[in-house]
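Coordinate-derived values only; no laboratory data. The shown structure was predicted, so the numbers you read here are calculated from the model rather than taken from an experiment. We place every Cβ from the backbone using ideal geometry, glycine too, and count neighbours over all the protein chains shown.
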Amino acid sequence: MIHTVSPRVSVPDAVVLAPSGNGQNYGADLTLHYRDVENTFTYYQDMFVHDLHPQSGPTSGNTRIEVSGIGFKQFKYENGTIRDDIPLYAKFEDTNGQQIGKVQIITEIDNDMFAFFTPNATAGTQAILMLSFNQQQWQAVIPTEKAYSYLYYNAPIIESITPQYGPVKSPNNEHSIIRGQNFECPQGDCSKVVVRFGDRENGTIQPGRVLSSSEIEVYIPKYTKPDILPVEVSMNGKDFTNDKVSYGFYDAFVIDV
């Protein structure tokens, strides 16, 4: 086995490794117009990331972070087809350089987007997303004007909603107060706080107004039929509670006067 260090180059490309025992006679690539994979070293360009969201999530982890940019699948064969044998690796580190969770091989990926699922961590942890094609040189992904990529917070908990029922097709802007715990806006940004009425697939999303760490105000969506809908809160627009609190719609009508 031979260990060597790759020299610096100015452009990304693939080169053939040619060993020598005397510094004069080097092993040659066996083909003229094709680099055999075993003897080829590929230089790649730094990935460019222009968006990462969400930038905060609950301590339980498993939040799906979508990262968009350029250069996530940049390796190609001589005929121009994409190589899938060089994966993109990703991991979280804290601001002290300690790894959080495990290194992930990214599977949901194309050249301008990939998804990363967060490991669990304690509340207040500031994590930096690190990317690499070789697990030696790691590229940090840090949004502008921040010192980290992602902030962990305690997951919100819904305890009640008041009132917990209202009329269908109401001409008024009905609202309710949701009470619970950990209604604290991540990084002081309350713009992503939302309330979902209904299930994940067909629910209606309403903006939530944080009144305190234990209260959120929400306007009730217009609904056309009597029903009972689960009510869930998200502090980052992605991760919702699952606390079995519901809101009921009833059909208010007059039989006689």
Considering the options 122, 177, 106, tell which one lies farthest towards the positive end of the dipole of segment 70-226, charges being +1 on Lys and Arg and -1 on Asp and Glu at the Cβ, about the Cα centre. 177
Residue order, fewest to most surrounding Cβ atoms within 10 angstrom, among 107, 241, 144, 118: 144, 107, 241, 118
Which of the aspartates and glutamates could a cross-linker bridge to residue 244, judged by Cα under 19 Å and excluding same-chain residues fewer than eight apart? 159, 199, 201, 215, 217, 227, 232
Cross-link pairs beyond the 23 Å C-alpha cut-off, checked among 91/238; 76/102; 91/146; 169/192; 169/238; 102/192: 76/102; 169/192; 169/238; 102/192
What is the sum of charges around residue 135, taking Lys and Arg as +1, Asp and Glu as -1, for the other residues whose C-beta is under 13 Å from the C-beta of residue 135? +2
Ascending count of other beta-carbon atoms within 10 Å, so fewest first, for 175, 53: 175, 53
I'm a student and want to see the number: the projected area of the Cα convex hull of segment 157-250, averaged over all directions, in nm². 5.4
Would you mind ranking 95, 63 so that the residue whose beta carbon has the fewest other beta carbons within 10 Å leads the list? 95, 63
How many angstrom separate the Cα center of segment 99-160 from the Cα center of segment 184-200? 20
Just the number: Rg to Rh for segment 109-225, Cα atoms, Kirkwood Rh, two decimals. 1.09
Rg/Rh for segment 48-153 to two decimals, with Rh computed the Kirkwood way over all alpha-carbon pairs. 0.98
How about segment 148-232: which trypsin sites (Lys or Arg not before Pro) there are in a DSSP loop, with at most 10 other Cβ atoms within 10 Å of their Cβ? 200
Considering only segment 157-250, what is the antiparallel percent among its DSSP beta bridges, to the nearest 5? 90
